[in-house]
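The values are calculated or read from the model by the stated rules, or taken from the named source; none is laboratory data. What you are looking at is a predicted structure, and each value in this text was computed from that prediction instead of being measured. For neighbour counting, all protein chains shown are included, and Cβ atoms are generated from backbone atoms with ideal geometry for every residue, glycine included. Note: areas computed on protein heavy atoms with side chains; ligands, DNA, RNA excluded. Shrake-Rupley method; radii C 1.70, N 1.55, O 1.52, S 1.80 Å.
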Amino acid sequence: MQIVSSIPEIRVAVRALRARNGAASGRSVGFVPTMGALHEGHRSLLQAARSRCEIVVASIFVNPTQFGPNEDFNRYPRTLEQDCRMLEAEGVDLVFTPTAEIMYPPGVSTFVEVAGVSDRLDGASRPGHFRGVATVVAKLFHIVQPDCAFFGQKDAAQVAVLRQMVRDLNLPVEIAICPIVREPDGLALSSRNGYLSVEERRQALSLSRALFAAEALAKQGEHRAETLLLAMRACLQQEPALRVDYVAVVDPDTLLPLEDAANGALLAVAAHVGGTRLIDNILLPPTR
Ligand code: AMP
């Protein structure tokens, strides 16, 4: 496994791997962008990439432009050595670990703004977050030039923003979405779960519990968004220490609110548990 930090190096390395064995059209490149502090959720993306593509490239970059001024950029966990052990074990060919100066040299003034969808759900409470995400992912796509990029359903709003970006900018990249990996008790894995105390970890369970409660209602035939929202809110209210950011039943592509979930819907929640902001969601399939 090769680890490189500079843009010229990664370009040369991807080109060399693609051309290996003299394949006429070049071997396929799967790409898994991450911020490191890797866990089993990230592993599932690496495995999906390994099973679908001939070459797997991962990146580790804690992207400063997607953090707000009062967010956790400085204390975000950085565990490069441990991360590299997982990447190596999952058969990753190439790891890109740029610095902030490499990705954003002095004087950069071009950003990618996916209007509309970027202002909904997490975008509403984290202004500028998706501008940072879209910008860094567009830059990484241009640097790595993958055939397919793998993202987690865990970040459902990010999925909507990136799909729209790829469509609007005609980027030649397929976006593959992998299911949410959870702890046995339902908590969605997140690099931020490490911030939680034992008591906060217990409180955090109400996010997935709320989603599962609404999903159970939907399975019984309930498709009115208002009823699903009430069920989720009732569940979250059982943990008064939790500060709810949003509870939503939305269209998974536009992130606009739905009144009826019968054609499929994204159920999404975000809440602050102590000083940690957590998100979770479930996709309801169409029922008619
Ligand atoms: P991050 O390092 O948090 O930026 O996440 C990198 C990628 O891993 C993103 O596409 C996330 O959606 C995905 N991811 C994070 N947590 C999970 C999870 N629990 N299950 C599946 N994918 C995840």
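Structure summary
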| item | result |
| --- | --- |
| Residue match in the stretch 228-235 (condition: out of contact with any strand residue (DSSP E or B) (no Cβ under 9 Å at 6 or more places or on another chain) and surrounded by 17 or more Cβ atoms within 10 Å (Cβ to Cβ)) | yes |
| Test: residue in the stretch 212-227 that is within 16 Å of the ligand (Cβ to nearest atom) and surrounded by fewer than 20 Cβ atoms within 10 Å (Cβ to Cβ) | yes |
| Answer residue from the stretch 160-185, given it is open to solvent by 40 Å² or more (accessible area, probe 1.4 Å) and in a helix (DSSP H, G or I) and is nearest to T97 (Cα to Cα) among those | R163 |
| Where Q153 falls short, out of the listed (1) touching a helix residue (DSSP H, G or I) at 6+ places or on another chain (Cβ under 7 Å); (2) among the polar types (S, T, N, Q); (3) more than 9 Å from the ligand (Cβ to nearest atom) | (3) |
| Count - residues of the stretch 1-49 that are part of a strand (DSSP E or B), under 30 Å from N74 (Cα atoms) and either among the hydroxyl-bearing types (S, T, Y) or open to solvent by less than 80 Å² (accessible area, probe 1.4 Å) (or both) | 6 |
| Verdict on Q164 being away from the ligand (no atom under 14 Å from the Cβ) and of a type outside the set (D, E) | yes |
| Test result for A157, in the same structural domain as R18 (by TED's automatic domain parsing), open to solvent by less than 40 Å² (accessible area, probe 1.4 Å) and either outside any loop (DSSP other than H, G, I, E, B) or not aliphatic (A, V, I, L, M) (or both) | yes |
| Elements of type helices (runs of 4 or more DSSP H) in the stretch 50-128, at least 1 residues being of a type in the set (D, E), open to solvent by 20 Å² or more (accessible area, probe 1.4 Å) and within 20 Å of K139 (Cα to Cα) | 100-103 |
| Exclusive hit being in the same structural domain as H42 (by TED's automatic domain parsing) and within 13 Å of the ligand (Cβ to nearest atom), set H142, H129 | H129 |
